[in-house]
1. Of all residues in region 18-47, how many are open to solvent by 80 Å² or more (accessible area, probe 1.4 Å), within 30 Å of residue 109 (Cβ to Cβ) and either charged (D, E, K, R) or in a helix (DSSP H, G or I) (or both)?
2. Is it the case that some residue within region 29-37 is modelled with pLDDT of 90 or more and of a type outside the set (Gly, Ala, Ser)?
3. Only one residue in 59, 11 is farther than 29 Å from residue 106 by Cα, surrounded by 12 or more Cβ atoms within 10 Å (Cβ to Cβ) and touching a residue at least 12 places away in the same chain (Cβ under 8 Å). Which one?
4. Just to verify a result, which residue in region 83-113, among those that are closer than 17 Å to residue 71 by Cβ and at pLDDT 80 or above, is nearest to the chain's Cα centre (by Cα)?
5. Checking residue 38 against (1) in contact (Cβ under 8 Å) with a residue 24 or more places away in the chain; (2) under 16 Å from residue 119 (Cβ atoms), only one condition comes out false. Which one?
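The values are calculated or read from the model by the stated rules, or taken from the named source; none is laboratory data. These figures come from a predicted structure and were not determined experimentally. Here Cβ is always computed from backbone atoms with ideal geometry, including for glycine, and neighbour counts include all displayed protein chains. For the accessible areas, the whole protein counts, side chains as well, though only heavy atoms, and no ligand, DNA or RNA atoms are used. Shrake-Rupley method; radii C 1.70, N 1.55, O 1.52, S 1.80 Å.
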Amino acid sequence: MIIWLFFAVSLIYMELVYHVGCFGLSGGSVFLPIALIAVFASVQAVTVSLLRGKVQTILFWCFSIGNCVVFWVQTIYFTVFKQPLQIRTMLFGGEDALTSYWKEILVAMGKASPWLLLMTLPCV
């Protein structure tokens, strides 16, 4: 239960930071993100709980850092392109994104650095 609570609270926190950082305080439905977060936190918590010892600790940190990286990528992508990153874009249109937009990505990382640092807090 504690593992699920950690994942759920950290994902909600990162979602709030992402939303405020990218969209401001504009309205939006909170039900879909909360439902998705509950599902993701449940899957991660069950997966971590099935293991023991060092493997459990390593997987816990992999999930925690992975969650953080997903929100970092979303924030940087939104800063560059002014739209949320879609799975379709990642799979079919992002082959040369790093090579074509690396300067813009560095600038976006600088612009979004306060939000990125705030998203890192759950991992600390």
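1. So the count comes out to 6.
2. yes
3. On the way: 11 fails: farther than 29 Å from residue 106 by Cα.
Criteria check complete, one pass: 59.
4. Top of the filtered list is 84.
5. Every listed condition holds for residue 38 apart from (2).
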